[in-house]
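What follows draws every value from the coordinates through simple rules; no lab data is involved. Every value quoted in this text rests on a predicted model; they were computed, and no experiment measured them. Quick reminder, even Gly has a Cβ in these numbers, built from the backbone with ideal geometry, and neighbours come from all protein chains shown.
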Amino acid sequence: MSHEPRNEVSPKTIEQVYRPVTRRTFLKGAAASMVGVAGLMAALKPLLALEQGEATLDDLLQKHYRELTPQEMQRILQRLEDKCQRAYGVRPAIRDARPLEGVEFGYALNLTRCIGCRRCAHACLKENNQSRDDANDIEMSYIRVLEMNKGAINLETSNVYYDPEQVPQKDKYYMPVQCHQCRQSPCTQVCPVQATWQEPDGLVVVDYNWCIGCRYCMAACPYEARRFNYKRPTIVKDAINPNQAYLSNRIRPKGVVEKCTFCLQRTRAGKYPACLEVCPTGARVFGNLLDPASEISYILKNKRVYLLKEEVGTLPRFYYFFDQ
Amino acid sequence: MRDYLTFLLRVWRVSFQGSWKFYAWMTGLSVLSLIGLNAWARQFVEGLQTTGMTNQVSWGAYIANFTFLVGVAAAAVLLVIPAYIYKKEFMHEVVLFGELMAIAVIVMCLLFVTVDLGHPDRFHHMIPPIGIFNFPGSILSWDVIVLNGYLLLNLHIAGYLLYCRYHQRKPTKTFYIPFVFLSIAWAVSIHTVTAFLYVGLAGRSYWHHPLVPSRFLASAFVAGPALMILTFQIIRRVTRYYIGDQPIFTLRMIMTVAMIINMFLLGCELFTEFYSPTEHAAAAHYLYFGLHGHRGLVPWIWTAIALDFIGLTLLITPLSRRIVWLNLACVACFIGIWTEKGMGLIIPGFVPSPLGQVVEYLPTLNETLVCLGIWAFGTLLYSWMLHVAIPIMNGSLRARPQLSPTEPETAPARF
């Protein structure tokens, strides 16, 4: 760069150009530093509002779910129970529910029968301890029920905020959508820290203590199945379901993603998901895909089955079907 | 080693010496950065509810700014290629400023990603030995590698060359030339990988489009040079370092070609979306004309398109041979591309949502303050680097001031 004549090195050095440090400049500098530090402190002041014990050293040092020993897990569950008691006034029983041998869960939903009552969406909230501001707030429910125009399966013209006097409406049909527990799950593929993965029984789970909250999985999901805790979950004491599991319905910390796990706290103990139990029309069928005698296997073999967004190539374990 | 510490000490001292204008500028930027830090602290305590993001639009202004800035950082390559491959002498006057800009901008990118995290305190989960790095599965993990790699490359190149210059000795080629060539490929990779973040998502048809990476590069090679042209003029006006017109007009030429390609690709995209309007065109429809009565982005995108056209018109006509018009073109292109590539690319990816719902997004005040803070901090960082680098480059900050600067012990260093 020195070929440019105007950039020939200047004869004066920087020390000659600028004044040396004197007592006066030193004091000025000291005063300026004080102002700077004061400014920094003022800027960080909101951090004082952090609740005690919200982020402990144990939390920071905790390992990934799949690297924890049973003893470590036990300690963590204890800690989580303590935390919940402190924060919400209820002591839950949090278990580490493990997948069952020889089971791959599948879910089928009968579009002919669904009447769009949204009882499943509400039951989901009750079971899974999602954040809600009042009884009508189903934003964090893992199930979105779409009101569809008859004559096509077109999501573009669907409506989740439908609110008629009664359902079903004559010219509409209804399509509940929740996590499809995909075999080729884009959400687990994109997670930069493997905080979400597929379990041996096919369930896609999140380690809420490992998730960094980047929300890349939400961008990747074609079914809009994931929810993010933009705030610390709000849930009243009486509404809390104390039967909880580490990978599913324990109350999430703020800043992490959560999702439907087919109620693994129930299904891994041999029960049905909450959304199935509450369904008044029997539109929902849940079971083991590996068992040829199961009802779900029968449906996949004999009914007219429809896969939502099959073209995206996610190979879902959630199926829609129609009655003959 | 001792030498190096003295160097750092002198750099430290130079950092705090300047005219009152320099002090006013740096103080102003510091205040803005602190306002941003304050807003972020509030967000850290209350969670991302302080932003306008929702379950439906789960990325917003932070990721939009991030995407745009990765392009600006990659554009440093446009100074490196003419300087090192085509051996244009005059580009060596400015190539270092491009590398320093890349450093500042990459730092801004990393900050924008960090403020977007729900759990920044778990950042270490991404660092391999402590955390679990989903590599090569996650494109985000690729992005972490390429961005940090690019930062290190530029820190090394710029740092090494400045240190040699300080000692008035010729840089050893093997210490930096291989890195310079690596940085060329690397610059392209940072923006391509960032494009792949979006392109890889088959569930979002607005992003799942092979044109996106090419358009990313084309628009980056407009926005980057636009910013450089403007800052080079500021440098030659306010510092004791002369930059001729040649680098500026070389950048103008590059920018013109890139802008033509960018607009051509935009045309291709619009044709595909609108000629046979499939369901996949819903996002583009929302962006350009509104969807089901929601028109939140319409004024933004048409402003951006108008600015792009003004910029393009000025660039391809002889008008922009005059510096005033060129500057106008740069401002128009920079703002136009920031708008269309930031908000115009990220938000329609989420609107309509995969289930067909239209939920609009608008950044909140707190979110805007965080963005402003990061822009101010990046500017602060770049200003500081220039303030230290320029005395080294024009020779007034050198290892042995007692030696006559016009007779260095070896031939003058040339970057």
Open item on the list: Which of the three applies to the stretch B:1-110, rounded, prolate or oblate, going by the alpha-carbon gyration tensor with a ≥ b ≥ c and a/c under 1.5 meaning rounded?
Closed with: oblate
TODO: Give the order of A:R266, B:R236 when sorted by the count of other beta carbons within 10 angstrom, beginning with the fewest.
DONE: B:R236, A:R266
Task: Fraction of antiparallel bridges per DSSP, the protein assembly as shown only, in percent to nearest 5 - done: 75
Open item on the list: Under the 0.36 nm per residue contour assumption, what length would be gained going from the current alpha-carbon distance of B:A24 and B:A306 to full extension?
Closed with: 98.0 nm
Open item on the list: What does the net charge come to around A:Q198 if you take all other residues with beta carbon closer than 14 Å to its beta carbon, with K and R at +1 and D and E at -1?
Closed with: 0
- [ ] Compute the long axis of helix B:245-275 from its Cα atoms, compare it with the longest principal axis of the Cα atoms of chain B, and write down the angle in degrees, 0 to 90, nearest 10.
- [x] 10
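Which net charge results for the neighbourhood of A:R98, defined as the other residues with beta-carbon distances under 12 angstrom from its beta-carbon, given Lys and Arg at +1 and Asp and Glu at -1?
-1
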TODO: Taking a cut-off of 26 Å between Cα atoms, list the lysines near A:K170, but don't count ones fewer than 8 places away on the same chain.
DONE: A:K150, A:K303, A:K309
- [ ] Counting other Cβ atoms within 10 Å, keep those with at most 11, restrict to DSSP loop, and tell me which trypsin sites (Lys or Arg not before Pro) in the stretch A:80-174 are left.
- [x] A:K150, A:K170
TODO: Over 25 Å between C-alpha atoms is what I'm after, so list which of B:K21/B:K88; A:K28/B:K21; A:K83/A:K126; A:K126/A:K231; B:K88/B:K341 land there.
DONE: B:K21/B:K88; B:K88/B:K341
TODO: Using a 10 Å Cβ count of at most 10 others and DSSP loop calls, identify the longest part of chain A lacking such GluC sites (Glu not before Pro).
DONE: A:166-324
TODO: Using only Cα atoms, find the angle between the long axis of helix A:119-128 and the longest principal axis of chain A, and express it within 0 to 90 degrees, rounded to the nearest 10.
DONE: 50
- [ ] Determine one quarter of the surface area of the Cα convex hull of chain A, which equals its mean projected area, and express it in nm² to one decimal.
- [x] 28.1
- [ ] Under 17 Å from a label point 7 Å along Cα→Cβ of A:D291: give me every residue in the stretch A:92-123 with its amide N that close.
- [x] A:99-108
- [ ] Would you work out the relative contact order for chain B, in percent, from Cα pairs under 8 angstrom that are 6 or more residues apart?
- [x] 30
Open item on the list: Need the C-alpha centroid separation for the stretch A:200-272 versus the stretch A:117-179, integer Å.
Closed with: 19
Open item on the list: Relative contact order for the stretch B:160-277: what percent, with Cα pairs under 8 Å and sequence separation of 6 or more?
Closed with: 20
Task: Computed helical MRE - 222 nm, the protein assembly as shown, DSSP H runs ≥ 4 contributing -39500 (n - 2.57), nearest 500 - done: -16000 deg cm²/dmol
Task: Cysteines having no other Cys beta carbon under 4.7 Å from their own, within chain A - done: A:C84, A:C114, A:C117, A:C124, A:C182, A:C191, A:C211, A:C214, A:C221, A:C263, A:C279
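From the square roots a ≥ b ≥ c of the eigenvalues of the alpha-carbon gyration tensor of the stretch B:164-248, which class results: rounded (a/c under 1.5), prolate (a/b over b/c), or oblate? Each step should come with its number before you reach the end.
Values: a/c = 4.04, a/b = 1.72, b/c = 2.36.
Here the stretch B:164-248 falls in the oblate category.
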Task: Intensity falloff of the protein assembly as shown expressed as log10 I(q)/I(0), Debye formula with alpha-carbon point scatterers, at q = 0.09, 0.11, 0.12 Å⁻¹ - done: -0.88, -1.19, -1.35
Open item on the list: At q = 0.09 Å⁻¹, what log₁₀ I(q)/I(0) does chain B have when each alpha carbon counts as one equal point scatterer in the Debye sum?
Closed with: -0.58
TODO: Rank B:A74, B:A39, B:A185 by mean-square fluctuation in a GNM of chain B with C-alpha springs under 10 angstrom and give only the top-ranked residue.
DONE: B:A185
